[in-house]
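Everything below concerns the one structure shown next.
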Amino acid sequence: MNGSAEDERVVLDELEESFIKDGEAVEVEVNDDDIPMDDDNDDDNEGDNQGGNTDADTSNGGGDVTATAVQPDMSIQTIDSHNSSSVYSVASHYDTNSNILTIVTGGGDDKACLHKLDNANQLGTVPLTHAHTDSVSSVAINEKYVSSDLTKTPKYVAVGAYDGSIILYDPATGAKLKELDGPTDVEFISFHPKGGSVLLAGSISDATIWMYHLPSSKCLQVFVGHECNSEGGGVTGGSFTPDGKFALTIGMDGTMRIWAPRTGMCRHVFKLYEEGSEMEGPAGLTCLAVDGGADGQLAIAGGEDGTAHVVHLQGKKVVAKLSHFDQVPTNSTTAGNGDDEEVFLTSVEAVGFASKAVNPNWAATGGSDGKLKIWDLTHGDGGQCRQTCAVKIEDSSDASNNASSAGPTGGITRIIWHPTQAILFVSYTDGAVRIWDARNGNMLHTLTGGSTKQDAQQINDMSVEVFGTEQGPGTAVIIAANDDGSVKIYNVDVAAILAVP
């Protein structure tokens, strides 16, 4: 027992450069002017423009995809390794030295697979060997975080499942390396950005968050504080802050929490819901993004009540409340099929910050309404909606010829910003990936996978690798994990789609 305690102390001491010691954390009083979000001098009258192409635009892949249309398959590769079961999670890493794209996927068939795609478009797949007894819910790769000293920061593929297991594999061979005892119903896993040797994992069922030092297989902390809601929902997302000093989690209790990794203590609780609202209990938080603002201290969380909240982590202050839905119904659910079943109509399902190279004051929200909104965070506590991006259908019966409505795209599931360009890659429940220009709201390109399963087109997860940005917008490789059991890989020349008028 004494040896085990000593090992854990040594591990925490090794991480001291990243983690703030308990005595070093200082409560900071932050005024609005102190938040590092300088105005980008855009004209105020740009706000809330309605962007998007019409279904007449086919030259650059844009336009509406109807629910009954036969989608063309625009992918360069299709991975069918999950026996037609839903693929719930995907992660990727592109090695610029070897030109090898590594992909790991997990699905409802209780399996995870490792895939390698080379520069000649040759695909190899290795089924990962652990026999899970429930769906694989989350996967991650730490290669972008490791140092040159692989003895201290080994390369790992991590796989988490609803059976409570967390398995580590060698990303080069797929060999099983370690098995960790984890929380029940693992909902997310996330690597520490300083070396990738520490892993965070959260439970959707018991609301605990576990932190591991992977080389030693030690569980360093179990963070306890989130509450399960009336339906048993616990923690829905989490990550380390970009500087690695804190862990950050969101849950179905409507809170975002900052944790001190060295002590296991909760440093702050953001209650991102309104007391006394008509919803039964707090609105759950569904999605999380970090590294916003000029100082990288902004985090954003989307909720089931149709809002997204932006907070400043160091200042422990809510900076903005973004109302994604223009009009939220008094009752935000609707009965389905004449029975008591209710479905949320107003949930924010995806969020993301533009990079500092683009504009550190921009954020994006994606809703179950299929709309993408671009926000400028320098305009008060409500932000300014710069663009609303939605596929438009021309209504010939409207004499004004100005009316349009969101097309039958379903909801948005993931948002990923380009690292150097003001464009976004957005996945939808209709099985398409649409690429939008954040500056003017125009849709630049649409990618479809040719699914024939009309009731299983949804993209559940998406990963994007962008390379070649040293001399321009580069090339984007998009990996979409689909409900029909397929994983689609798309290749996009970003400069080419930006050049299309």
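Structure summary
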read-out: Tally of residues being open to solvent by less than 60 Å² (accessible area, probe 1.4 Å) and either among the β-branched types (V, I, T) or not in a loop (DSSP other than H, G, I, E, B) (or both) across region 127-152; value: 7
read-out: Scan of region 339-356 for residues that are modelled with pLDDT under 95 and either in contact with a Leu (Cβ under 8 Å, 6 or more places away or on another chain) or in a loop (DSSP other than H, G, I, E, B) (or both), ordered by number; value: D339, D340, E341, L345, T346, S347
read-out: Any hit, region 296-311, residues being modelled with pLDDT of 95 or more and part of a loop (DSSP other than H, G, I, E, B); value: yes
read-out: Residues that are free of Cβ contacts under 8 Å to residues at least 60 places away in the same chain and of a type outside the set (A, V, I, L, M, F, W, C), drawn from region 458-486; value: Q458, G468, T469, E470, Q471, G472, P473, G474, T475
read-out: Residue among K155, K111, K176, K116 that alone is basic (K, R), modelled with pLDDT of 95 or more and surrounded by fewer than 17 Cβ atoms within 10 Å (Cβ to Cβ); value: K176
read-out: Matching residues in region 179-212 - criterion: being open to solvent by 40 Å² or more (accessible area, probe 1.4 Å) and part of a strand (DSSP E or B); value: E179, D181, E187, W210
read-out: Tally, over region 418-450, of residues that are surrounded by 23 or more Cβ atoms within 10 Å (Cβ to Cβ), small (G, A, S) and touching an Asp or Glu at 6+ places or on another chain (Cβ under 9 Å); value: 3
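The values are calculated or read from the model by the stated rules, or taken from the named source; none is laboratory data. Just so it is clear, the structure is predicted and the values come from calculations on it, not from any experiment. All Cβ positions, even for glycine, are placed from backbone atoms using ideal geometry, and neighbour counts span all protein chains on display. Just the protein is used for accessible areas: all its heavy atoms, side chains included, with ligands, DNA and RNA removed. Shrake-Rupley method; radii C 1.70, N 1.55, O 1.52, S 1.80 Å.
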